[in-house]
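Remarks on the structure that follows.
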Amino acid sequence: MKRHTALYQQHVKQHAKMVDFHDWQMPLHYGSQLHEHQAVRQRVGMFDVSHMLAIDVIGTQATAFLQRLLANDVAKLKQAGRSLYSCMLNPQGGIIDDLLVYFLADDYYRLVVNASRAAIDLAWLQQNADAYAIELTAIDDLAIIALQGPQALATFKQIANPQQQLAVTALTTSFSVCRSDNWVIARTGYTGEDGFEIMLPAIDAVNLWQTLSNAGVQACGLGARDSLRLEAGMALYDNDMDDSISPLESGLAWTVAWQPSQRQFIGRQALEKQQQQGLKQQLVGLVLNQRGVLRAQQTVILNDQRHGVITSGGFSPSMQQSIALARLPISNDTHVNVIIRNKTLAAKIVKPPFIRHGKIMIDGEKN
Amino acid sequence: MNNIPTDLRYTASHEWARREGDELIIGITDHAQSLLGDLVFVELPEIDGQLNRNDDAVVVESVKAASDVYAPVAGTVIEVNHALTDSPQLVNQDCYGSGWLFKLRPDDIAEWDQLLDDDSYRQQIETDA
């Protein structure tokens with residue numbers, strides 16, 4: 001029996017194609033994934049992401065706890081009202097999950113983790129919490145609605161109550177976060193556009209969803225969520241990394257805070273050893289300049305015949321050509337071959353992101 | 001609710017065929033386009049190509065996966081829907097009309113009658129489900 005979010009009936013009413021997503025039944029699209037993708041790039045769209053789990057970390061040692069558990073350093077946040085993106089590693093340096101951590105108030109952080117990893121993450125955090133004066137709380141009755149696109153801010157201001165209007169004026173940069181009543185509103189997202197992730201009590205979710213819908217916001221499903229994040233060069237857990245792979249081989253070295261050197265986060269020693277021995281693989285972007293679609297698990301062949309694999313692939317509606325992320329042995333190749341349905345096609349290696357704020361960031365060599 | 005026009009014939013692999021004189025127009029059904037999701041590329045066959053029944057005729061790439069479309073009967077390809085090169089979404093929007101894929105001159109037009117009628121095709125997809 002799959003779980004439903006508070007917005008399930010709304011999705012059904014809006015004729016969503018529902019699919020199984022781990023424990024959940026979620027909307028894949030509401031008619032056309034491409035249409036939803038374009039709506040976010042050009043205007044604004046909304047996503048029900050209530051399947052993700054929020055875990056609150058509260059206590060006098062909350063900072064110390066997260067400095068131990070996370071590869072990025074929460075001390076960078078300096079004051080409440082900010083958030084950052086981090087990996088959580090096992091002692092072998094493998095990625096248990098990638099997540100956002102929001103600094104809400106002194107001694108109070110909120111983690112938002114992937115639905116597919118929620119149970120594992122919670123168990124891991126609890127296992128490591130004994131030595132710290134903190135309380136961990138998985139928030140059960142929370143809904144999360146992501147409002148994303150160049151018109152996200154204007155749209156939110158259009159429908160927000162005076163208290164929320166005021167709170168949102170504090171969100172001047174991306175990764176900022178504020179609280180309004182019992183809502184948490186963050187200027188974060190998974191699309192490469194401006195936008196907000198609104199965490200609110202589940203009982204308020206239907207009202208917000210309907211208000212946004214009446215304001216003309218396009219409902220968007222998991223299909224568009226995936227194509228948008230791929231264009232934005234953002235990693236997806238299970239596809240682009242798992243608990244056997246380090247951030248250094250997943251394009252996520254930038255999320256590891258080495259300084260201060262005394263900060264012994266779990267997995268640090270394994271990463272240091274990996275760096276000393278030299279990295280063997282890296283995550284790169286690929287773009288196909290001919291008709292065809294790069295897809296996960298396709299084999300990539302370097303000029304010297306070594307093999308790699310595509311971890312995430314698909315069609316970029318913004319570029320009208322196929323793009324991918326791939327894990328390849330380290331090389332100086334600029335172009336590689338990909339086996340697509342028994343044919344060999346050439347793809348160009350590029351540095352993600354492919355799209356940022358609606359603009360194409362790479363040269364796709366389109367014919 | 002699947003749209004299954006009564007004047008067409010169907011295959012178990014979700015192609016439809018419309019008879020116009022001694023030619024057949026071929027496409028994929030509403031059920032098929034819905035399963036595939038948004039199409040992004042359609043690779044059409046060569047004009048004058050000879051196809052046997054169940055030969056690969058067209059490759060459709062959707063946001064989800066690539067899929068083969070098969071010739072429902074043996075014949076010669078006489079026309080293809082070039083509009084799909086730039087507008088593959090016509091298959092999703094109007095699969096029995098402007099989303100047609102190609103036209104065949106069948107070797108034996110009587111084979112068209114032997115394809116599934118609309119009721120049989122409906123039963124087929126209900127059994128598949």
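The values are calculated or read from the model by the stated rules, or taken from the named source; none is laboratory data. The structure displayed is predicted, hence computed values, not measured ones. Neighbour counts run over all protein chains shown; Cβ positions are idealised from the backbone, glycine included. Areas reflect the complete protein model, heavy atoms only, side chains present, ligands, DNA and RNA absent. Shrake-Rupley method; radii C 1.70, N 1.55, O 1.52, S 1.80 Å.
Overview of results
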read-out	value
Qualifying positions in the stretch A:279-293 - within 14 Å of chain B (Cβ to nearest Cβ) and either open to solvent by 90 Å² or more (accessible area, probe 1.4 Å) or free of Cβ contacts under 8 Å to residues at least 12 places away in the same chain (or both)	A:291
Yes/no for residue A:239 being outside any loop (DSSP other than H, G, I, E, B), of a type outside the set (Ser, Thr, Tyr) and modelled with pLDDT of 95 or more	no
Set A:359, A:351: member being open to solvent by 40 Å² or more (accessible area, probe 1.4 Å), at pLDDT 95 or above and not polar (S, T, N, Q)	A:351
Qualifying residue in the stretch A:308-326 (condition: more than 21 Å from residue A:234 (Cβ to Cβ) and more than 23 Å from the chain's Cα centre (by Cα))	no
The lone exception for residue A:121 - which of (1) open to solvent by 20 Å² or more (accessible area, probe 1.4 Å); (2) in contact (Cβ under 8 Å) with a residue 40 or more places away in the chain it fails	(1)
Matching residues, the stretch A:224-278, being aromatic (Phe, Trp, Tyr) and crowded, with 17+ Cβ neighbours inside 10 Å	A:237, A:265
Qualifying residues in the stretch B:41-53 (those that are open to solvent by 40 Å² or more (accessible area, probe 1.4 Å) and assigned to a strand (DSSP E or B)) - the one farthest from the other protein chains (Cβ to nearest Cβ)	B:50
Restricting the stretch A:151-189 to residues that are small (Gly, Ala, Ser) and assigned to a helix (DSSP H, G or I), the residue that is most open to solvent (accessible area, probe 1.4 Å)	A:154
Qualifying helices (runs of 4 or more DSSP H) (wholly inside the stretch A:1-91; at least 1 residues being over 22 Å from residue A:262 (Cα atoms) and touching a residue at least 24 places away in the same chain (Cβ under 8 Å))	A:8-13, A:33-42
Filter result (in contact with a strand residue (DSSP E or B) (Cβ under 9 Å, 6 or more places away or on another chain), of a type outside the set (A, V, I, L, M) and either open to solvent by less than 40 Å² (accessible area, probe 1.4 Å) or farther than 18 Å from residue A:224 by Cα (or both)) within the stretch A:9-21	A:10, A:11
Matching option when the condition is crowded, with 20+ Cβ neighbours inside 10 Å, out of contact with any Asp or Glu (no Cβ under 7 Å at 6 or more places or on another chain) and within 14 Å of another protein chain (Cβ to nearest Cβ), among B:86, B:38, B:94	B:38
Enumeration of residues in the stretch B:54-68 that are of a type outside the set (S, T, N, Q) and either away from chain A (no Cβ under 14 Å) or not in a strand (DSSP E or B) (or both)	B:55, B:57, B:63, B:64, B:65
Within the stretch A:294-325, considering residues that are closer than 16 Å to residue A:361 by Cβ and of a type in the set (A, V, I, L, M, F, W, C), the one farthest from the other protein chains (Cβ to nearest Cβ)	A:325
Residue A:121 vs. criteria within 23 Å of residue A:21 (Cβ to Cβ) and under 20 Å from the mean Cα position of the chain (by Cα)	yes
Residues of the stretch A:125-136 classified as touching a residue at least 40 places away in the same chain (Cβ under 8 Å) and in a helix (DSSP H, G or I), total	3
Subset tally (residues that are over 29 Å from residue A:221 (Cβ atoms), of a type in the set (A, V, I, L, M) and either within 14 Å of chain A (Cβ to nearest Cβ) or open to solvent by 30 Å² or more (accessible area, probe 1.4 Å) (or both)) for the stretch B:69-83	1
